[in-house]
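Every number here is computed from the coordinates shown, using simple stated rules; none is lab data. This structure is a prediction, so every number in the text was calculated from the model and none was measured. Don't worry about glycine lacking a Cβ; one is built from the backbone with ideal geometry, like all the others, and counts go over all protein chains shown.
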Amino acid sequence: MTNIGSYDERVKNFSWSIAEKELDYKDGNIINIGWYCSDRICEQGKGDKTALYHEGFTGEQRKYTFNDIRLAGNTIGNFLRKLGIENEDRVCLFMDKIPELYLSFLGVLKIGAIVQPLFSAFGDESLYVRLENAGTKAIITQRKHAGKVRKIIDRLPDLEHIIIVDQKKDKALKEKEVAFNLTEEEPVEKIDIYPTKADSPSVLHYTSGTTGQPKGVRHVHYSLISQYLTTKWVLDLKDDDIYWCTADPGWVTGTSYGIIGPWSLGVTQCVLDKGFSADSWYKFIDKYKVTMWYSAPTAIRSLMKAGEELVKKHDLSSLRQLASVGEPLNAEAVIWSEKVFGMPFLDTYWQTETGCMMICNYPGMKVKPGSMGKPFPGIEGVVLDPKSYEPITEPGQAGLIAFKPGWPSMMTTYWNNEEKYKEKFVNGWYLAGDRSTIDKEGYFWFIGRDDDVINTGGHLVSPFEVESALIEHEAVAESAVVSKPDEVNMEVVKAFITLKPGYEVNDDLELSVMNFIRKKLSPLAMPQEIEYVENLPKTRSGKIMRRILHAKEWGEEIGDTSTLEDD
Ligand code: WT7
């Protein structure tokens, strides 16, 4: 029996109060995600149950029970409080997928502060932009990443504390640095959980938009309601499951479904802090007897490349359900997984902004390979006519994906950018920024993004951010950034540049440009290819026509450029 039962029945009888009741939450009550993910599970008598199996890149293993994560959350929360961190202060988590990342997440929330997770592969400039924007007060990090913080600390007047989790206490530390080692701390049995309410801010995730400036998506504690229920109904997690979410908590999948979802349900999860290899992933599934696996299309395509023979070398019989998110999941990948794992990857569609899954394939519902599925019960999802912004009723017609606001984990604003937030709404609909069709049976079929944002391997990259980094180089006159097709990542970043007079293309120059932007961009945003050109295609008014460059890369019709000239 699946948790969701019949999708159609759930749609008919839906109310978010189903989740509220299961979580013993009533309107106006205190709701604190940190408490729900640890203390409450212990109160239910599951304190000795394993919450986390962790394996580091050296193969070192650690295990934490729900009582362990409760105590660790308390200890970290208490430490932060003593440093002077108050509710709604921003605390950045800047760590690899080490246990302290997961435990600090709970600790920060327990004291009512806002947790700002950032991907640890970010360089100092990417880090700076996000800490500056959020006015972050403290950052929790590792020795190996502290150097990046030191480089920018002088430009961050709000940043008061750099907490290093793997530093011995007696080590000499730099200004504002403080050592905090969980193994050396006395576990704190009880702390006063901050009485956060439904609309109290919880998590601040940064995402790329069309402009260079990343946007801070602000979520609230009430988001728990939909993260809990989607985990239960879509991922179908049950008490004895062993769950593996491969996403990094620097991104929303890694928090909504890599921390909050499973732990609020009291489910055991495992984490592998190691780069991708098909063999080590299969070994991991076998070793921990993973039953439910939530991953991403780029990883799945890499597994496909590694081949079926490798799958047969491992015992993957523990698996009972697979799901995917982040980018289009090709029909071939779904069919392949049915063949080699005996079950399809269930595609789910959502965004940093939506906080929870929005359009999904459900256990028990017919899968149409290549389709994202149907809206989660209680979510009103449509495609809008791009001109009138009215819902399209004709099946198969392309439109803009939009949702009726009001689900619990919807973002509440972009940090310090209410204007950009407001732009996301039209005619009472939230515009996701993607295009899709809906077929006769209500299944959504993804077409593409409605803006220039590039989705490379599930990570959004703003072309403007890359272009801005490029033109800061002394030799670069102009740049245009588009995507180009890629077998594994679906699309990758490609840059075109023209040089200033007096410069010429040679190995030294190319190296100098690459080294220059590497310092400014996250590794995910780095162009895979830079093409040096004499001129860029432009409109008569001087705007660069990325569309032409894009069409060329994708072997598409360029179309009538004469009409574009006056763009
Ligand atoms: C964008 C959101 C929330 C998970 C991580 C990504 C694209 C997401 C799918 C899917 C096709 C998808 C969309 C969306 N996307 N899931 N199943 N099929 N495209 O979060 O970084 O905020 O990106 O990723 O374009 O708008 P994100």
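In plain terms, the chain from residue 171 to residue 390 could stretch by 72.6 nm, reckoned as 0.36 nm per residue minus the Cα-Cα distance.
Please sort 408-416, 186-194 by packing, taking for each peptide the average over its residues of neighbouring beta carbons within 10 angstrom, highest first. Walk me through the numbers on the way to the answer.
Details: 408-416: 21.2, 186-194: 13.9.
Ranking the peptides 408-416, 186-194 by packing returns 408-416, 186-194.
Quote the FRET efficiency, to the nearest 0.05, computed for residue 506 versus residue 143 with a Förster distance R0 of 60 Å and r equal to the Cβ-Cβ distance. Numbers along the way, then the final one.
Numbers: r = 39 Å, r/R0 = 0.65.
For residue 506 and residue 143, the calculated efficiency is 0.95.
Counting neighbouring beta carbons within 10 Å and listing from fewest to most, the residues 37, 245 come out as 245, 37.
If you average the alpha carbon positions of region 292-312 and of region 110-146, how far apart do those two centres end up, in angstrom? Centre-to-centre distance over Cα atoms comes out at 32 Å.
Excluding same-chain neighbours fewer than eight residues apart, the aspartates and glutamates reachable from residue 151 by a Cα-Cα span under 14 Å are 124, 125, 132, 175, 177. Each Lys and Arg Cβ is given +1 and each Asp and Glu Cβ -1; about its Cα centre, region 454-554 then shows a dipole of about 520 debye. For region 222-270 and region 532-549, compute the distance between their C-alpha centroids and round to whole Å. Between the Cα centre of region 222-270 and that of region 532-549, the gap is 45 Å.
Using only helices, what value at 222 nm comes out for the chain when you add -39,500 (n - 2.57) per DSSP H run of length 4 or more and divide by the total residues, to the nearest 500 deg cm²/dmol?
Working: 19 runs with 162 residues, N = 567.
It lands at -8000 deg cm²/dmol.
Per-peptide packing, taken as the mean over residues of other Cβ atoms within 10 Å, places 460-469, 378-387 in the sequence 460-469, 378-387 from highest down.
Volume of the convex hull of the chain (Cα atoms only), normalised per residue: 167 Å³. Rg and Dmax, both from the Cα atoms of region 401-553 and both in Å, are 18.6, 61.
Give the shape of region 385-482 as rounded, prolate or oblate, defined through the alpha-carbon gyration tensor: a ≥ b ≥ c are the square roots of its eigenvalues, a/c under 1.5 means rounded, and otherwise the shape is prolate if a/b is larger than b/c and oblate if not. Cα axes put region 385-482 in the prolate bin.
Please sort 436-444, 197-205 by packing, taking for each peptide the average over its residues of neighbouring beta carbons within 10 angstrom, highest first. Please list the in-between numbers first.
Working: 436-444: 17.2, 197-205: 21.1.
Packing order, densest peptide first, comes out as 197-205, 436-444.
Please state the shape class of region 1-145: rounded when a/c is under 1.5, otherwise prolate if a/b exceeds b/c and oblate if not, all from the C-alpha gyration tensor. Prolate shape, in that a/c is at least 1.5 and a/b is the bigger ratio. Cross-link pairs exceeding 27 Å in C-alpha to C-alpha distance, out of 63/366; 289/374; 387/424; 46/110; 26/97; 97/366, comprise 63/366; 289/374; 26/97; 97/366.
Ordering 152, 64, 340 by the projection of their Cα atoms onto the charge dipole of the chain, which places +1 on the Cβ of Lys and Arg and -1 on the Cβ of Asp and Glu, puts 64 at the extreme positive end. Number of Lys-Lys pairs in region 454-554 with C-alpha atoms under 15 Å apart and a separation of 8 or more places or on different chains: 4.
With a ≥ b ≥ c the root eigenvalues of the C-alpha gyration tensor of region 156-228, is it rounded (a/c under 1.5), prolate (a/b larger than b/c) or oblate? Could the numbers behind the result be given before it?
Details: a/c = 2.73, a/b = 1.33, b/c = 2.05.
Oblate.
What does the charge add up to near residue 320, with Lys and Arg as +1, Asp and Glu as -1, over the other residues with Cβ less than 10 Å from its Cβ? The answer is -1.
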